[in-house]
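In what follows, a single structure is set out as structure tokens and then discussed.
The values are calculated or read from the model by the stated rules, or taken from the named source; none is laboratory data. Just so it is clear, the structure is predicted and the values come from calculations on it, not from any experiment. Cβ: placed from backbone, ideal geometry, glycine included. Neighbour counts: every protein chain shown.
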Amino acid sequence: MPNFDLDNVTLRDVNSALHEVDMKATGDWTISNPRGTHALAAGVDAPLKITIDGSVGYYCAGMNKHAEITINGSAGVGLAENMMSGSVRVKGDASQSAGATAHGGLLVIEGNASARCGISLKGANIIVKGNVGHMSCFMAQAGNLVVLGDAGDALGDSLYEAKIFVRGKVKSLGADCIEKEMTLENAKLLQSLLDAAGIDDCKPEEFRRYGSARQLYNFKIDNVLAY
């Protein structure tokens, strides 16, 4: 099991080693003493299990593909930005823009997420056990955001077809985002997401669903102040 201690090796050494792994390779990797290092484990393209023991800086696990990455701490801006597949789990909190533009995979935030969580989401699933900040899922196109806590201002502003499930309170909805019916199909989807995140202490019926009113897809002069 490779073990990199960032007190003794450089970030470039760690990321280069991860990038050189054959995409069919498997194995458990550990990275210790990250001390807020930026862009750690970014661009991984192999089904590795990577454990980072400590908090990380900006863009950790960005562009992740196939890997299962666990962060035993908190994360800075842009966690799992543009993730394609695999999974990223942070045991603490995440700063702004967690999961931004992510196309696929699963992002689990066990603490709170700051502003713009899931901004421009393109197909990934994001589960936040705590609260999310303002403008989460801004311009989200596809995928799902599940929030067990509360959501800040302008949730789902300018939303496309992503689905948002919130268990707690929503401070306000953004432009073109409305509450929608929780259908049986939605409940089954939500349950599968909770199962994937290992959450078994709540049920789909405790959540409300939000989605696009589909009024901003085409320009309408009556909506000019909302653009």
Could you please give the count of residues in the stretch 125-137 that are in a strand (DSSP E or B) and more than 12 Å from LYS163 (Cβ to Cβ)?
3
Out of the stretch 7-38, which residues are farther than 17 Å from GLU68 by Cβ and in contact with a helix residue (DSSP H, G or I) (Cβ under 7 Å, 6 or more places away or on another chain)?
THR37
Could you check the stretch 3-20 and list, in sequence order, the residues that are out of contact with any Asp or Glu (no Cβ under 8 Å at 6 or more places or on another chain), outside any helix (DSSP H, G or I) and in contact (Cβ under 8 Å) with a residue 24 or more places away in the chain?
ASN3, ASP5, LEU6, ASP7
Hey, among LEU145, LEU121, LEU155, which residue is farther than 18 Å from GLU81 by Cα and surrounded by 22 or more Cβ atoms within 10 Å (Cβ to Cβ)?
LEU155
How many residues does the stretch 138-173 contain that are in contact (Cβ under 8 Å) with a residue 40 or more places away in the chain and in a loop (DSSP other than H, G, I, E, B)?
8
Failed item, numbered, when LYS188 is tested on (1) in contact with a Phe, Trp or Tyr (Cβ under 9 Å, 6 or more places away or on another chain); (2) surrounded by fewer than 17 Cβ atoms within 10 Å (Cβ to Cβ):
(1)
Hey, GLY86 buried (at least 23 other Cβ atoms within 10 Å of the Cβ), over 11 Å from the mean Cα position of the chain (by Cα) and of a type outside the set (Phe, Trp, Tyr) or not
yes
Restricting attention to the stretch 93-114, does a residue exist that is assigned to a loop (DSSP other than H, G, I, E, B), in contact with a Phe, Trp or Tyr (Cβ under 9 Å, 6 or more places away or on another chain) and farther than 28 Å from LEU189 by Cβ?
no
Members of the stretch 110-140 that are small (Gly, Ala, Ser) and within 14 Å of ARG89 (Cβ to Cβ):
GLY111, ALA113, ALA124, GLY130
Under 9 Å by Cβ, and 6 or more places apart or on different chains, what pairs join a residue from the stretch 174-201 that is under 17 Å from ALA213 (Cα atoms) and among the aliphatic types (A, V, I, L, M) with one that is in a helix (DSSP H, G or I) and at pLDDT 95 or above?
MET182/LEU190; MET182/PRO204; MET182/GLU205
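Please state which one of ALA61, ALA80, ALA42 is under 21 Å from ILE127 (Cα atoms), touching a helix residue (DSSP H, G or I) at 6+ places or on another chain (Cβ under 8 Å), in a loop (DSSP other than H, G, I, E, B) and not acidic (Asp, Glu). I'd like the intermediate steps shown before the answer.
Numbers: ALA61 fails: touching a helix residue (DSSP H, G or I) at 6+ places or on another chain (Cβ under 8 Å); ALA80 fails: touching a helix residue (DSSP H, G or I) at 6+ places or on another chain (Cβ under 8 Å).
Residue meeting the stated conditions: ALA42.
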In the set LEU189, LEU184, which member is among the aliphatic types (A, V, I, L, M) and under 18 Å from ASN125 (Cβ atoms)?
LEU189
Sole miss for ARG35 among (1) under 11 Å from the mean Cα position of the chain (by Cα); (2) part of a loop (DSSP other than H, G, I, E, B) is condition (1)
Residues to consider are GLY211, GLY198; find the one that is under 20 Å from the mean Cα position of the chain (by Cα) and part of a strand (DSSP E or B).
GLY211
